[in-house]
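The values are calculated or read from the model by the stated rules, or taken from the named source; none is laboratory data. Nothing here was measured: the structure is a model prediction, and the numbers come from that model. Here Cβ is always computed from backbone atoms with ideal geometry, including for glycine, and neighbour counts include all displayed protein chains. Note: accessible area is taken over every heavy atom of the protein model, side chains too, but ligands, DNA and RNA are not part of it. Shrake-Rupley method; radii C 1.70, N 1.55, O 1.52, S 1.80 Å.
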Amino acid sequence: MTHSLEKLKSGQLIGSKELKLTCGLKEFPEEILSLAETLEVLDLSDNQLTTLPDSITQLKKLRIIFFARNNFTEFPKILAQFPALSMIGFKSNKIHSVPENAFPPMLRWLILTDNKINILPKSIGNCNLLQKCALAGNQIEELPSEMVNCKNLELLRISANKLNSIPEWLFKLQKLSWVAYGGNPATHQIEVKTNLELYPWKDFTIKELLGEGASGFISKATWDSNKKDVAIKVFKGAVTSDGLPEDEMKIAIAAGHHENLIPILGKIKDHPENKNGLIMKLISPRFTSLGNPPSLETCTRDVYDEQSSFNFDELLKIAKSIASVCVQLHQRGINHGDLYAHNILVNKSAECLLGDFGAASSYDVNSVLAPTIERIEVRAFGCLLEDILNLVTKNEDNDTLYKKWQKLIADCTNSDVTSRASFSNILQALNTFQ
């Protein structure tokens with residue numbers, strides 16, 4: 001809910017825990033300080049702010065702040081003085097520098113996507129609680145080695161930067177599960193062997209918008225020449241929180257055919273705005289998302305509907321399907337990077353489809369790092385299994401099987417990355433589950 005500056009100035013918002021103002025602000029309104037006793041979430045996105053006043057430190061209870069799409073050129077060092085601040089968002093500003101010791105002690109979630117940063121401060125290694133870090137679309141040439149101390153880092157987005165190398169220590173972080181690093185000079189270029197047919201935009205009649213993701217819009221359309229309904233994803237063309245849309249399209253094609261992937265039928269040409277697009281099979285509405293994206297509270301873990309429940313047969317079917325897809329992807333040097341329930345469609349028969357390659361990255365399957373990169377994604381798979389297992393009813397009759405699943409999850413999330421099984425080995429193990 002967006003509030004008005006008038007209500008803030010009149011005192012009508014006294015006692016509020018959350019405040020959102022979008023009204024062309026060029027200076028931080030001092031009236032916000034009247035909420036110091038209660039304010040926990042502050043959203044001043046879509047304004048014209050460039051700095052923060054020293055007086056902002058009066059807001060000692062702040063947990064979450066958003067300043068997306070403002071005009072900051074330097075990350076405000078004063079934020080280090082907030083004792084409870086755990087989530088910071090400065091997406092799409094003009095930030096080129098981040099001072100040393102600018103991060104607060106409780107930082108869990110940092111969003112600096114789409115800025116002009118070329119150097120990260122070494123002090124980021126002091127962020128012991130950091131779980132989620134979005135740095136895509138900057139000009140970073142090197143990750144500070146001190147980041148190896150970010151032991152709780154689970155999700156990292158460093159796509160579309162200027163990294164000349166992806167450091168080996170990154171893939172040894174014991175909790176790293178979801179990583180995107182495409183669109184860098186160091187990124188291995190995947191070979192796309194499938195030549196998809198190009199079809200003119202005018203051959204399709206758009207019917208309705210099915211959904212919008214970070215990288216584009218998916219619409220239901222009729223393919224006029226054969227009267228068949230399809231889904232068309234038109235890419236926005238700008239850098240997203242996960243990376244570059246062109247990388248997503250290339251990897252989605254390179255992933256190839258698999259019964260648990262959404263089939264790609266062709267590519268669009270002659271779009272009126274010169275945008276890229278993929279033609280995909282239209283999925284039955286009986287398929288719905290397995291889960292919902294993480295909340296501000298859960299940070300890196302998906303959220304499930306209250307009525308969500310599964311039995312062991314359904315868990316096994318989903319696990320085997322996704323493991324099978326991951327075997328194929330990693331054999332082709334593709335790291336999905338966003339292996340989450342919210343990117344999996346499932347029907348009532350537990351048939352499922354993995355989608356959204358927005359965070360996918362490619363790697364050389366013959367490289368020394370290849371097995372380690374795969375085992376990073378294995379941890380994401382383990383987290384997925386754990387989430388679903390928590391929605392399976394446990395009783396005395398299934399206790400043995402429950403413990404068998406717990407062991408598999410423990411193996412997938414082992415803190416020693418190299419000790420985790422490959423997806424091929426996991427699939428073999430799943431074939432023994434009954």
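Observations on the model:
- Reach of Lys9 by Cα under 12 Å, taken over aspartates and glutamates that are not fewer than 8 positions away in the same chain: Glu30, Glu31
- In terms of its alpha-carbon gyration tensor, region 351-434 comes out prolate; a/c meets the 1.5 threshold, and the first ratio a/b outweighs b/c.
- Peptides ranked, highest mean first, by Cβ atoms within 10 Å: ranges 109-119, 276-286, 14-24: 109-119, 276-286, 14-24
- Under 24 Å from Lys228, Cα to Cα: lysines that are on another chain or at least 8 residues apart: Lys202, Lys207, Lys220, Lys267, Lys269, Lys275, Lys281
- When the square roots of the Cα gyration tensor eigenvalues are ordered a ≥ b ≥ c, the ratio a/c for region 51-129 is 1.5 or more and a/b does not exceed b/c, which makes its shape oblate.
- The chain, accessible surface, carbon-and-sulfur percent (1.4 angstrom probe): 47
- Zero-based 20 Å bins, Cα pair distances in the chain, whole percents: 24, 53, 22, 0
- Axis angle, to the nearest 10 degrees, between helix 245-254 and the longest C-alpha principal axis of the chain: 20 degrees.
- Residue-count net charge about Ala421 - beta-carbon cut-off 13 Å; Lys, Arg +1, Asp, Glu -1: 0
- Nearest 10 degrees, 0 to 90: helix 399-412 Cα axis against the chain principal axis: 70
- Exceeding the 23 Å Cα-Cα cut-off - candidates Lys17/Lys60; Lys317/Lys394; Lys151/Lys404; Lys162/Lys233: Lys151/Lys404; Lys162/Lys233
- Once the 1.4 Å probe is applied to the protein heavy atoms, region 274-360 comes out at 42 Å² accessible per residue.
- With the helix formula -39500 (n - 2.57) applied to DSSP H stretches of n ≥ 4, the chain reaches a computed 222 nm mean residue ellipticity of -5500 deg cm²/dmol.
- Student exercise, the chain dipole from Lys, Arg, Asp, Glu Cβ charges, in Debye to nearest 20: 260
- Of all DSSP beta bridges in the chain, antiparallel share, percent nearest 5: 55
- Relative to the longest principal axis of the Cα atoms of the chain, the long axis of helix 312-331 makes an angle of roughly 90 degrees.
- Per residue, the convex hull around the alpha carbon atoms of region 187-273 comes to 121 Å³.
- Cβ-based net charge around Leu59, under 14 Å, with every Lys or Arg adding one and every Asp or Glu removing one: -3
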